[in-house]
């Protein structure tokens, strides 16, 4: 059976195709049209696996763009999909921290990968990829450069959690001549603190996995590990766990 | 046939508005109320019409924010906004407004509302288990009686209060019977139906008619064909007051394929088990007992809410719980911790939502509700 899982996030759209044991994955920027992004994902996955559209049995779609996408055989929340994806990759994981472009969430999962509880922040940019993007721009960097540019030894703490105030705070900090690497470490710590508070409120069970686009940033992982006092697993395919979960649920026809 | 009853409830607001206008023209008095803590028996006994005032729309919030701070609960802002912009016809017709010191926001808002209408504020004690609190509450109800007599130029007899208490008892029984229909699986009424019927109570100028309509609905529902069990998750809603105009969580949940089978909040089941003993010696003391027992989060401690929720979860065979807090409602927001513990201890998914009257968070509410419904295994 051939199935697809597509995760249309606010920043990136991800896709997974599973066909008789083989699988391919792809990622593209979502851009302004979640529908077009979904179509591009389908085309790329079909190309990569040399498969025709009508050979695909089911397509499950998740992520914020799921509603706009008509080709979905079923839409599922990213919460259930991340849980299923992680359960496949790391069956010992009981807590998932997912930080994406516009939200962050903490998901507690059971032994079978079922969702036991979840918490979500999407009211405010603080503690999301969006926060880091705004700060990177203020620092004259691309958001992908932040992780390697931090210097935790010279950490400059950011006191404001609000994106707007934090931006002016780092501009002031730069003006006082503080090292960029220290400021960046402070930014990572701020995201880590915010998300760790949400995680502790729900209750952390080990092991802990960290997914979503922000999980690529080793600085945020470091900050989260410090704030939570536990080691954190970042899957190699940390951006794809939602799409993988959707594909697996499609395979299982659930 | 059920639809006919529902249409009746849905049009209750308009119908009663005209009746109240006529009643006013004929010299009857109208008393506006905001909260289930107001002992409406006294208003009925005074020969006046008690009417629930508007506070369930986002529209007047902008006007309210010219006076009130932004970070205040939407219910308080909306109530004041309707009043100050004279867009609530029931407020317009009211000769007297009754408020209670349930929360800080309302208490201080009522002070400002006095510029618009005569407002009588009852001091509601917040300790639910002390003699001093109870004595204070009895005294406050006696004060209300005097204020009504003075303001409406009437004498309120004990006999009339007993009769009104009997009427409100009957009304509560009728509404409870309507809610209890949904103990069945599948539930005969949608959450929107329940809300519409229960909500029309606050506008109803004729209690006897309201009771007859509710009893009619219950009889009719009993005769409906049973469709067998459904696979739709059964959700219990608790938390802050919800009314027509602020039903977005009910609507979203039902659009996602679940049924809201029970509501524990103010316009729902919260007060419906609380019958006034009409065999007592002092009607004021008996009313005080009834109203003091209301399990609002402004009470400390508030054990009856947990007992009520616990039994409702069983009686209505709930699969999951949504606890809705309006922004800046501290007491319900904090009490959510205890509610969450109770629900989770029964092995059910629990979702605490914080929102306001706007539609700006529909998508984020939807993903949370959807994820919770995915947790329900049927």
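Values for this structure:
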{"quantity": "Test for residue A:95: is it away from every other protein chain (no Cβ under 14 Å), buried (at least 21 other Cβ atoms within 10 Å of the Cβ) and within 17 Å of the chain's Cα centre (by Cα)", "calculated": "yes"}
{"quantity": "Close pairs (9 angstrom Cβ cut-off, 6 or more residues apart or separate chains): touching a residue at least 24 places away in the same chain (Cβ under 8 Å) in the stretch B:205-217, assigned to a loop (DSSP other than H, G, I, E, B) and surrounded by 19 or more Cβ atoms within 10 Å (Cβ to Cβ) anywhere", "calculated": "B:210/B:204; B:213/B:204; B:217/B:189"}
{"quantity": "Residue in the stretch A:101-120 that is farthest from the other protein chains (Cβ to nearest Cβ), counting only those that are surrounded by fewer than 24 Cβ atoms within 10 Å (Cβ to Cβ) and touching a residue at least 60 places away in the same chain (Cβ under 8 Å)", "calculated": "A:101"}
{"quantity": "Of the criteria (1) part of a helix (DSSP H, G or I); (2) surrounded by fewer than 18 Cβ atoms within 10 Å (Cβ to Cβ), which one residue B:359 fails", "calculated": "(1)"}
{"quantity": "Residue ID - nearest to the other protein chains (Cβ to nearest Cβ), chosen from residues in the stretch B:296-349 that are part of a helix (DSSP H, G or I), over 20 Å from the mean Cα position of the chain (by Cα) and without any contact (Cβ under 8 Å) to a residue 24 or more places away in the chain", "calculated": "B:344"}
{"quantity": "Residues (buried (at least 21 other Cβ atoms within 10 Å of the Cβ) and more than 9 Å from chain B (Cβ to nearest Cβ)) located in the stretch A:67-87", "calculated": "A:69, A:72, A:81, A:82, A:83, A:84, A:85, A:86, A:87"}
{"quantity": "Residue that is surrounded by fewer than 23 Cβ atoms within 10 Å (Cβ to Cβ) and closer than 19 Å to residue A:83 by Cα, where the choices are A:236, A:227", "calculated": "A:236"}
{"quantity": "Tally, over the stretch A:179-206, of residues that are surrounded by fewer than 16 Cβ atoms within 10 Å (Cβ to Cβ) and not in a helix (DSSP H, G or I)", "calculated": "4"}
{"quantity": "Those residues of the stretch B:350-361 which are under 18 Å from residue B:251 (Cβ atoms) and either within 20 Å of the chain's Cα centre (by Cα) or within 14 Å of chain A (Cβ to nearest Cβ) (or both), in sequence order", "calculated": "B:351, B:353, B:354, B:355, B:356, B:357, B:358, B:360, B:361"}
{"quantity": "Hey, residue A:123 within 14 Å of chain B (Cβ to nearest Cβ), assigned to a loop (DSSP other than H, G, I, E, B) and closer than 17 Å to residue A:241 by Cβ or not", "calculated": "no"}
{"quantity": "Helices (runs of 4 or more DSSP H) enclosed by the stretch B:1-90 - at least 3 residues per element that are under 30 Å from residue B:216 (Cβ atoms) and touching a residue at least 60 places away in the same chain (Cβ under 8 Å)", "calculated": "B:2-10, B:12-25, B:40-45"}
{"quantity": "Hits in the stretch A:46-66 (condition: under 19 Å from residue A:237 (Cβ atoms) and within 14 Å of another protein chain (Cβ to nearest Cβ))", "calculated": "A:60, A:61, A:62, A:63"}
{"quantity": "Verdict on residue B:236 being outside any helix (DSSP H, G or I) and more than 19 Å from residue B:170 (Cα to Cα)", "calculated": "yes"}
{"quantity": "Matching residues in the stretch B:362-378 - criterion: being within 10 Å of chain A (Cβ to nearest Cβ) and in a loop (DSSP other than H, G, I, E, B)", "calculated": "B:377"}
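Residue by residue, here is whether (1) modelled with pLDDT of 95 or more; (2) out of contact with any helix residue (DSSP H, G or I) (no Cβ under 8 Å at 6 or more places or on another chain); (3) surrounded by fewer than 21 Cβ atoms within 10 Å (Cβ to Cβ) holds:
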residue	(1), (2), (3)
B:274	yes, no, yes
B:291	yes, no, no
B:300	yes, yes, yes
B:317	yes, no, yes
B:320	yes, no, no
B:325	yes, no, no
B:331	yes, yes, yes
B:343	yes, no, no
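Conditions (1) outside the structural domain of residue B:331 (by TED's automatic domain parsing); (2) touching a strand residue (DSSP E or B) at 6+ places or on another chain (Cβ under 8 Å); (3) within 25 Å of residue B:297 (Cβ to Cβ), marked per residue:
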position	(1), (2), (3)
B:37	yes, yes, yes
B:40	yes, yes, yes
B:50	yes, yes, yes
B:69	yes, no, yes
B:75	yes, yes, yes
B:84	yes, no, no
B:87	yes, no, no
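The values are calculated or read from the model by the stated rules, or taken from the named source; none is laboratory data. Owing to the predicted nature of the structure, the values given are computational and were not obtained by experimental measurement. Every residue, glycine as well, gets a Cβ built from its backbone with ideal geometry; the counts of neighbours run over all protein chains shown.
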